[in-house]
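Below is one structure; the comments refer to it alone.
Bear in mind that the values in this text are calculations on the coordinates, not laboratory data. This is a predicted model, so every value here is computed, not measured. Because the Cβ atoms are built from the backbone with ideal geometry, glycine has one as well, and the counts that use them run over all protein chains shown.
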Amino acid sequence: MTHRIPPGTRDILPDEMRELRRLQAALADAFGRFGYGEVATPTIEYHEVLARGDERGAPAAYRFFDERGELLAMRSDMTIPIARLVASRFAGAEPPFRFFYIGNAYRAIRPQRGQMREFIQAGVELVGAEAPEATAEVVEVLAAALDASGLSRAVIGLGDADLYRQLLDELEVAGPARDRILDCLATHDLVGLEAEVGTLEMSDGSRRTLLELPNMRGGPEVLDRARDLGGAAVDRATSRLAATFDSLARRGVGNRVNLDLGLLRDLGYYTGAILEVYDPAVGHVLGGGGRYDELIGRFGRPLPAAGFALYLERVHIAQAEEERIG
Amino acid sequence: MRVAQVYGARALGTGALKLAIPRGALYQRTLDLLDRIGIATEGLRGDSRALVFDCGELTVITMRPSDVPTYVEAGAAEVGITGKDVLLEQRDRAVYELLDLGYGACRMVLAGRRGDERLGESERRLGAIRIATKYPRTAERHFEETGRQAEVIEVKGSVELAPLVGLADGIVDLVDTGRTLADNDLEVHEEIAACTARLVANRVAHKLRVPEVDELVERLREAAR
């Protein structure tokens, strides 16, 4: 007789579990080498606390009431719980704080390969240290984590979350048009972007900037190409990226990074640098992260911060594919 | 080692780009476009039942238009061509939409029986309009965005039938010349979106195969003019 389990959840059997445990141990070891200490937080939190981190509420899809009628939610990532943890448990302590975690999170997505509703994230948070050095440190840890997973061909995309917001401010694009443009960028709809930008009153140069930036990705030379487009917002973003990249090059991981001015993640708390992880053996993004200098302030202790999370099951799939390719 | 090479060609990082193209209404125009950028498409024009064609610099894979986003999102094909109607219906597929190829122009419309007030009347007296469609998510989104309530009925075959026999008050469907509508005494009430063929790319391929993807985009942009 078989019994159902909820969509997007699954049982893990010994062969897979053994491999997942090995992967977790390799990642924990890599994080530990950089001085990150492991933390765990509850799987369930008060909904109002999670909503403080991302008021759109999108992250917390699974909510329910406890015996006192309080609204609880399953965490959708580890970053917001750790922001809460830093503000409450380390209120008087001297930063920086270096934490890593390996834990379950929950999202109401359409389940598919490597993308379940209950999934394991492994990542780090570096709290209380400024860009660009702290961003570069996090990228360096990420590169080491990918190496420890056997994904030596994996590439880290590095972009800037503030670029388009600041660029649209500079070009005085506001209201619904601004929202539509940001939506086109977040959903990777470059055809929609071109149509939207075509309806705006602006110089040809500004139009070109908006249309060409999302396609600029590659080595450090893309920063020069972007700078040629001109404008204060582009200048600021490319300077931030160049500073981070310089530090990455000094740390010997510049070759792992793909600078990407088209990168825009849809999580609401990112400021400055944003990251995505790709491996040529699989079609899905393996993880992401970035800076969130305002997030911990929302919990009452303003501290700059950066981090990343890898989707453990997807890293495992990539590992298996890479082994098969040989 | 041989096996490794075969699998290596499958990975996103190496080998010819795999282009998923739609069988059906867009097929001939898609092959014509590929001809114009110098891809040999004779093999694709015959009556071969093969699904995968080695065209030198590209490997071309043929499939139903609605499967293209599935293959491209998963990275089984790095790039693909399909209609905007398919992309609208599958908005949650995370793919890059890179280029409007211009051909296969159609309109996604709300249509009802000619001179029939049923659409308005159902909304006023019954609180919702009944809509038959092959594009349930596009239809639901359109009514949500325009602040109306609709009962969306998904059908697989000829949607024009639904309002004729009273299954629905109207239909949301893709219209080319409008002849099928006219033959069934239906007329367009609202236009929802203009649809053409689009070039899409896998998110990872867009980042890791930059020179090949960008070059393909430029050649197709020129050829599609």
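Compactness of the stretch A:162-264 was expressed as the Cα radius of gyration divided by 2.2 N^0.38 Å, which yields 1.10.
Between rounded, prolate and oblate, where does chain B land on the alpha carbon gyration tensor, with a ≥ b ≥ c its root eigenvalues, rounded for a/c under 1.5, else prolate if a/b exceeds b/c? Since a/c reaches 1.5 and a/b is larger than b/c, the shape of chain B is classed as prolate. Here the stretch B:106-193 carries DSSP beta bridges of which approximately 60% are antiparallel, counting only pairs with both residues inside.
Take the Cα gyration tensor of chain A, multiply each eigenvalue by 5, square-root it, and list the three semi-axes largest first, rounded to whole angstrom.
Rounded to whole Å, the semi-axes are 32, 24, 22.
With only Cα atoms counted, the protein assembly as shown has Rg and Dmax values of 25.1, 77 Å.
Explain nothing, just the number: dipole magnitude of the protein assembly as shown about its Cα centre with +1 on each Lys and Arg Cβ and -1 on each Asp and Glu Cβ, in debye rounded to the nearest 20. Walk me through the numbers before you get to the answer.
Numbers: 70 positive and 87 negative charges, 232 e Å.
For the protein assembly as shown, the charge dipole is close to 1120 debye.
In terms of surrounding Cβ atoms within a 10 Å radius of their Cβ, A:E276, B:E187, B:E160 rank from fewest to most as B:E187, B:E160, A:E276.
Working note: Debye formula, equal point scatterers on the alpha-carbon atoms of the stretch B:26-98, no solvent; log10 I(q)/I(0) at q = 0.15, 0.25 Å⁻¹ is -0.52, -1.27. For chain A, the Cβ-based charge dipole about the Cα centre amounts to some 740 debye (Lys, Arg positive; Asp, Glu negative; other atoms uncharged).
Restricting to Cα pairs below 8 Å that are 6+ residues apart, what does the relative contact order work out to for chain B? Please round to a whole percent. All intermediate terms of the calculation are to be shown ahead of the outcome.
Values: 417 pairs, mean separation 61.1, N = 225.
Averaging sequence separation for qualifying contacts and normalising by length gives 27 percent for chain B.
Only Lys, Arg, Asp and Glu count, each charged at its Cβ (+1, +1, -1, -1), so figure out the dipole size of chain B about its Cα centre, rounded to 20 debye. Let's see the in-between values first.
Working: 32 positive and 37 negative charges, 122 e Å.
Using Cβ point charges on Lys, Arg, Asp and Glu, chain B gives about 580 debye.
From its DSSP helices (H runs of at least four residues, each -39,500 (n - 2.57)), chain B gives a residue-normalised ellipticity at 222 nm of -9000 deg cm²/dmol. Among DSSP bridges having both ends in chain B, what percentage is antiparallel? Round to the nearest 5. So the antiparallel bridges in chain B amount to around 65 percent. Among residues other than B:A40 with Cβ under 14 Å from its Cβ, the summed charge is -3 (Lys and Arg +1, Asp and Glu -1). Here the protein assembly as shown carries DSSP beta bridges of which approximately 75% are antiparallel, counting only pairs with both residues inside.
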